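Before any comments, here is the structure.
The values are calculated or read from the model by the stated rules, or taken from the named source; none is laboratory data. What you see is a predicted model, and the numbers here were worked out from it, not measured in a lab. When we count neighbours, we look across all protein chains shown, and the Cβ atoms used for this are built from the backbone with ideal geometry, even at glycine. These area figures cover heavy atoms from the full protein model, side chains too; ligands, DNA and RNA do not enter into them. Shrake-Rupley method; radii C 1.70, N 1.55, O 1.52, S 1.80 Å.
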Amino acid sequence: MSDARIPGAFLRPGTSSFSDFLAENAPDLLPARRSLPAGSAAELAPHGTTIVAATFPGGLVMAGDRRATMGNVIAQRDIEKVFPADEYSLVGIAGTAGLAVEMVRLFQVELEHYEKIEGTILSLDGKANRLSALIRANLGMAMQGLAVVPMFAGYDLDRGIGRIFGYDVTGGRHEELSFFSVGSGSLFARGAMKKLYRPDLSQDDAVRVCLQALYDAADDDSATGGPDLTRRIFPVVWVVTADGVQRLPDETLSTLADQMVDARMARPDGPVAPLPGSGEEPQA
């Protein structure tokens, strides 16, 4: 006996794509189907950056800083930018924060819906393609200044390795080798990772490489936040291996951040010159 409180669309066999189901039955719930009011300013929407990822034998690390900006103003100091997409994959957001978080939630439901309908998890390439379609659907909003350019990464159960995927605003997908970064500080982060990355990194060393890259990005990009030692706010760091995804606790990141900042106090640009006439020796 049918229940009048449940629409018939929910009781009929249908597609394994949850976003396609929404597009047919409730298109107004899709973030990309909304339009901006006349005269709106996209720069008033908080934006999030920077995301980095690095592979190591047996998995990968993805990390994101905690700052969101609104023009030249810090809109939020502790935003979360890295999320588990499912048990074996991660997605990091860069761009318009509100739309990006909505897209991540839709992507999470998309993967869970597929698993329940098909009785199996989607391949890593299939997940990357589904996210590409969601980004492409947001192209209209991107052209109005509300772009979302996430990073996707996960553990490939078939190949036994960690893989990283980057995107452009049109949904174009490209696979990156070894490491990658997105967001306003990505240029500086990627430069740091080029110097620090090795194919034989341990998991702990891969975490340190990602933290160093974010620290370098924050050093040169005002939209990227470094470790906030006063408020004890640290980057969000997730690890994915054959055992699934795991978020590193703040206690671990606190120790690593303190070590990293202490090491930088030796000044990577050289010794500190003494004041003229002070008689002090130059500091190492």
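For Glu110, Glu87, Glu251, the ranking by accessible surface with the largest value first comes to Glu251, Glu87, Glu110, using a 1.4 Å probe.
Taking Cα pairs under 8 Å and at least six residues apart, what relative contact order does the stretch 110-247 come out at, in percent? Mind dumping the intermediate values first?
Numbers: 167 pairs, mean separation 22.2, N = 138.
Once divided by the residue count of the stretch 110-247, the mean separation gives 16 percent.
Need one word for the stretch 36-165: rounded, prolate or oblate. Basis is the Cα gyration tensor (sqrt eigenvalues a ≥ b ≥ c); a/c below 1.5 gives rounded, then a/b vs b/c decides.
Working: a/c = 2.58, a/b = 1.55, b/c = 1.66.
Taking the square roots of the gyration eigenvalues as a ≥ b ≥ c, the stretch 36-165 is oblate.
Between rounded, prolate and oblate, where does the stretch 53-112 land on the alpha carbon gyration tensor, with a ≥ b ≥ c its root eigenvalues, rounded for a/c under 1.5, else prolate if a/b exceeds b/c? It is oblate, given that a/c is not under 1.5 and a/b is not larger than b/c. Between Asp158 and Leu187, the FRET efficiency estimated from the beta carbon spacing at R0 = 30 angstrom works out to 0.35.
Please label the shape of the stretch 133-248 as rounded, prolate or oblate, based on the square roots a ≥ b ≥ c of the eigenvalues of the alpha-carbon gyration tensor (a/c under 1.5 means rounded; beyond that, a/b larger than b/c means prolate, else oblate). It would help to have the intermediate numbers written out before the result.
Values: a/c = 1.74, a/b = 1.12, b/c = 1.56.
Since a/c reaches 1.5 but b/c is at least a/b, the shape of the stretch 133-248 is classed as oblate.
Accessible surface calculations at 1.4 Å, restricted to protein heavy atoms, place the stretch 94-161 at 43 Å² per residue. As a fraction of the 1.4 Å probe accessible area of the stretch 147-224, surface on carbon and sulfur atoms comes out at 48 percent. Counting only protein heavy atoms and a 1.4 Å probe, the stretch 174-274 has 53 square angstrom of accessible area per residue.
Ranking of Asp168, Asp86 by solvent-accessible surface, largest first: Asp168, Asp86 (1.4 Å probe, protein heavy atoms only, all chains present).
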